[in-house]
Amino acid sequence: MPVKTKGRMLFMDEETMAWKKANKDQKIVQNSARLVIQKDLETGEVRSFISVFVGTLGYLKRSTRMQKNGYFKREKDFEGDLKFYNLDGSLINGWRYRNGKIVARIQPYSASMQNTLTLMRLQASAKSKRASWGVDPNCHGDMEWVESDGECERDNYVDWDEELGQDIPVIDVDCNSEGSWEWVEVCDGDPEDPTDPEDYGDHGEGTGNGNPYNPTDPGYVDPNPPTNPQNPGTGQTQTYKVGDKAPASTPWRDKLKTIDDFERYLKEEMGKYMRDANGEIIYDANNKGIPNLDYNNCHYYAFGGNLEQGAYNPPWTKDVFYPDLSDYNAIGPTGSIQVGDRVCYYIWQTADQDWRTPIQHSAIVTEVDAQGFATKVEGKLGSNYEDIIQHHPRDIPESYGSMYPTTNFGNGVVKYNRIYYRHK
């Protein structure tokens with residue numbers, strides 16, 4: 001049936017977005033999208049959805065057959081994501097492919113988790129934030145950039161055409177690009193239904209249950225990383241020291257409001273992938289970006305590594321999603337803060353959250369006053385920035401949490417927005 005479209009949308013992963021931003025020749029960046037209409041011949045029920053193939057940068061560079069991927073056929077070497085959307089644009093689910101085989105399931109995040117991750121995006125350090133603590137350790141968060149046409153300018157003029165030997169009218173349309181991050185949950189392992197969105201029939205080929213991890217290729221995710229003793233999760237229901245007082249001013253909180261602000265005031269470092277002298281990503285023999293294994297964030301800076309399963313973003317073992325607190329005690333209400341103590345920042349969405357989901361930031365105490373309150377801490381403000389910032393404990397970007405010491409959920413339930421810890 002006829003389909004009316006308006007504007008343009010382009011899906012890409014983080015590596016592809018970085019390449020597109022750095023290169024003028026962007027023709028390889030493309031999707032394969034199809035409107036699928038199904039009719040149940042017995043009931044007469046008609047269902048419609050949209051399938052979108054989003055290739056990895058390596059696949060887009062080496063393949064000229066992206067548009068050959070469709071609902072009834074996948075290319076045997078396809079690498080990337082196949083995602084299914086309702087007609088209103090909401091994600092149904094999808095599948096992640098490596099070398100033509102399905103290695104993971106993609107599903108939407110809950111609304112509350114999307115709000116949390118949107119805040120964490122401002123940190124530029126939560127690009128694969130795991131968020132299914134205690135539910136499924138094989139699931140983690142991921143995101144893709146969705147780019148669309150913004151405001152457009154139209155220019156009409158007449159130009160001479162050599163082949164036709166006459167003037168012809170020309171219409172130029174120049175559109176500014178707009179975009180946003182789409183958060184999804186990716187669950188490693190064998191799919192129950194490897195080809196279709198939920199509640200749809202079985203079609204397609206080129207699927208299978210491949211091994212999602214290849215130790216010689218750091219671009220794949222290790223589903224069984226090494227573990228350490230279970231993090232005790234100190235800091236859920238006890239009473240803690242309010243270890244800081246209101247600051248005289250908040251210069252960092254006032255100026256770090258958006259991603260552009262972070263990029264304006266903080267010095268960007270190499271990022272997740274190794275880069276050459278021109279800032280271009282360096283690729284291995286398989287045309288995959290070579291990971292920068294020194295890529296690290298605030299939790300690593302304050303506490304060191306955490307090799308607990310689900311606690312880091314493989315293969316970046318220093319990109320830690322939450323710290324290992326097993327060697328630390330939370331400081332109680334009668335304690336005094338000391339130089340060298342650690343502080344963790346939380347944004348609580350609900351009173352019953354596992355502490356590993358709301359944690360946003362970690363820092364080291366570098367200055368205290370005579371009454372035992374922290375007056376200065378230091379840490380990294382995101383994995384993508386190399387600056388070590390010293391600031392008042394409450395002088396933090398809004399994406400890191402509230403300046404108030406606690407969040408009150410009513411009925412006597414109080415959660416602490418900042419908890420101070422001391423090494424045992």
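The values are calculated or read from the model by the stated rules, or taken from the named source; none is laboratory data. Treat the numbers as computed from the prediction; the structure is a model and nothing was measured. Ideal geometry is used to build each Cβ from the backbone, glycine not excepted, and the neighbour counts take in all protein chains shown.
Against the list (1) within 21 Å of the chain's Cα centre (by Cα); (2) within 16 Å of Tyr385 (Cβ to Cβ); (3) in a loop (DSSP other than H, G, I, E, B), the condition Glu263 fails is (3).
Restricting attention to segment 276-296, the residues that are closer than 15 Å to Thr56 by Cβ, over 21 Å from the mean Cα position of the chain (by Cα) and not hydroxyl-bearing (Ser, Thr, Tyr) add up to 3. Entry remark, segment 314-324: residues being within 18 Å of Pro358 (Cβ to Cβ) and buried (at least 21 other Cβ atoms within 10 Å of the Cβ) number 4 in total. How many of the residues making up segment 347-371 are in a loop (DSSP other than H, G, I, E, B) and of a type in the set (Gly, Ala, Ser)? Residues in segment 347-371 being in a loop (DSSP other than H, G, I, E, B) and of a type in the set (Gly, Ala, Ser): 2 in total. In this structure, Asp369 does not qualify as surrounded by fewer than 22 Cβ atoms within 10 Å (Cβ to Cβ) and at pLDDT below 90.
Name the single residue, out of those in segment 53-62 being within 19 Å of the chain's Cα centre (by Cα) and either surrounded by fewer than 21 Cβ atoms within 10 Å (Cβ to Cβ) or among the β-branched types (Val, Ile, Thr) (or both), that is farthest from Ile281 (Cα to Cα). Selected residue: Val54. Residues in segment 269-279 that are farther than 25 Å from Ala311 by Cβ and surrounded by 14 or more Cβ atoms within 10 Å (Cβ to Cβ): Arg275 alone. The residue list Gly401, Gly382 contains one member that is in contact (Cβ under 8 Å) with a residue 40 or more places away in the chain, surrounded by 21 or more Cβ atoms within 10 Å (Cβ to Cβ), at positive phi and out of contact with any Phe, Trp or Tyr (no Cβ under 6 Å at 6 or more places or on another chain), which is Gly382.
Among the residues making up segment 252-263, a single one is exposed (fewer than 14 other Cβ atoms within 10 Å of the Cβ), of a type in the set (Lys, Arg) and at pLDDT 85 or above: Lys255.
Once segment 7-44 is narrowed to residues that are modelled with pLDDT under 75 and either out of contact with any strand residue (DSSP E or B) (no Cβ under 9 Å at 6 or more places or on another chain) or hydrophobic (A, V, I, L, M, F, W, C) (or both), the residue that is nearest to Tyr85 (Cα to Cα) is Gln26. Contact map, segment 76-89: first residue within 13 Å of Arg47 (Cα to Cα), second residue loosely packed, with under 15 Cβ neighbours inside 10 Å, Cβ cut-off under 6 Å, separation 6 or more or different chains; pairs are Leu87/Ser48.
Of the residues making up segment 274-285, just one is closer than 20 Å to Asn313 by Cβ and in contact with a helix residue (DSSP H, G or I) (Cβ under 7 Å, 6 or more places away or on another chain), namely Ile281.
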